[in-house]
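As structure tokens, the structure follows; a few thoughts come after it.
The values are calculated or read from the model by the stated rules, or taken from the named source; none is laboratory data. Quantities reported herein were computed from a predicted structural model and do not represent experimental measurements. Here the Cβ is made from the backbone with ideal geometry for all residues, glycine too, and neighbour counts use every protein chain on show.
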Amino acid sequence: MDSQSKIDKTSDDKNKDKRQGHHVMIFGASSGIALEFARPFAAKKAHFTLVARDEDKLKDISADLYTRGARDVSIVAYSLDSLEGSYEATRAIIKQTDAPDTALIAQGILGDNEELLHSPKKMEQMLQINVMSPVGIMMALEESMVVRGKGTIAVFSSVAGDRGRASNFAYGSSKALITAFTSGMRARLTKSGVNVLTIKPGMVATAMTDHLPRSPLMANPKAVANDIIKAITKHEAVVYTPSFWRFIMFIISHLPEGIFRRLKF
Ligand SMILES: NC(=O)c1ccc[n+]([C@@H]2O[C@H](COP(=O)([O-])OP(=O)(O)OC[C@H]3O[C@@H](n4cnc5c(N)ncnc54)[C@H](OP(=O)(O)O)[C@@H]3O)[C@@H](O)[C@H]2O)c1
């Protein structure tokens, strides 16, 4: 971990007994969907390790989770924006807090496709956050979780990763890598007892989509979080959320190329 990183050791060292029970580790913990994901675990007295770049947001989320029953919350302020950095940070965090039972990797940037295509800097930043950092975290999680032979690594891909569309293929292709990487890691770990869940939401009403017009297709983050929790409980491989996206994306994925490339979406 570099000097930016900071573990709230007070709770970690003084209250070892509080770190019993289910351990939920969330990367990009300030995400709107991640917060709704964490709350039901708090009600079941889980303990948490929350990682995100903004310490103030993490403190607010920590307070929220304690109010709802969390046994213990450790926060780590770390900017999830490189592969090696995220890998090393995750290893250091696990060394201090122990491996999670459930890990959620939630950081992500949508970006504007046109803007990304004309700014190598912005394109690189989006790929660092959406691809490089999650891959580094998964590499480190795999090492520690396989040894214990249980748990779930749940990672946000997107329906946008199912087929590159003209309007958002930069973001979509970053998520396509996550879909392929999680699929392969799930197969690799199939006998280990660790499940890897690929999460494919459609549009969800969070900070990420604040600038977009509201649409009947836009889901509530709480409903999406509940779908993810159900999928984890059932050891599913891939969850489309809301579930109708599986059908929509099946159609889109199977449209003949000649028709698909004429569509303006
Ligand atoms: N919302 C949707 O419609 C939708 C659809 C499909 C998939 N997803 C995926 O679902 C996941 C969660 O998204 P959400 O909707 O909950 O979004 P969100 O509320 O905007 O949260 C995004 C997360 O990414 C972090 N992040 C953003 N830019 C960052 C940067 N430059 N450096 C480090 N961290 C950064 C945010 O940290 P800060 O709080 O500090 O900004 C936050 O933790 C993402 O992977 C997203 O791609 C979302």
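A few points about this structure:
- Answer from HIS211, HIS235 - the residue that is within 14 Å of the ligand (Cβ to nearest atom) and part of a loop (DSSP other than H, G, I, E, B): HIS211
- Where GLN96 falls short, out of the listed (1) touching a strand residue (DSSP E or B) at 6+ places or on another chain (Cβ under 9 Å); (2) of a type outside the set (A, V, I, L, M); (3) part of a loop (DSSP other than H, G, I, E, B); (4) farther than 27 Å from ASP227 by Cβ: (3)
- For region 32-53, filtered to residues that are assigned to a helix (DSSP H, G or I) and within 15 Å of the ligand (Cβ to nearest atom), the residue that is farthest from the chain's Cα centre (by Cα) is ARG39.
- Neighbours by Cβ (under 6 Å, 6+ apart or cross-chain): first from region 192-204, closer than 21 Å to ASN130 by Cα; second part of a strand (DSSP E or B) and near the ligand (Cβ under 7 Å from one of its atoms): ILE199/PHE156
- Here ARG71, ARG91 are screened, and the one residue that is over 17 Å from ILE129 (Cβ atoms), buried (at least 19 other Cβ atoms within 10 Å of the Cβ) and at pLDDT 95 or above is ARG71.
- The residue list ASP72, ASP56, ASP81 contains one member that is within 13 Å of the ligand (Cβ to nearest atom), in contact (Cβ under 8 Å) with a residue 40 or more places away in the chain and over 23 Å from ARG186 (Cα atoms), which is ASP81.
- Tally, over region 190-232, of residues that are under 18 Å from the mean Cα position of the chain (by Cα), farther than 22 Å from ILE137 by Cα and not charged (D, E, K, R): 13
- Hey, VAL159 exposed (fewer than 15 other Cβ atoms within 10 Å of the Cβ), β-branched (Val, Ile, Thr) and over 19 Å from THR233 (Cα atoms) or not: no
- Scanning region 99-121 for residues that are within 22 Å of the chain's Cα centre (by Cα) and in a loop (DSSP other than H, G, I, E, B) yields ALA99, PRO100, ASP101, ALA106, GLN107, GLY108, ILE109, LEU110, GLY111, ASP112.
- If you go through region 148-171 and keep only what is in contact with a strand residue (DSSP E or B) (Cβ under 9 Å, 6 or more places away or on another chain) and hydrophobic (A, V, I, L, M, F, W, C), you end up with ILE153, ALA154, VAL155, PHE156, VAL159, ALA160.
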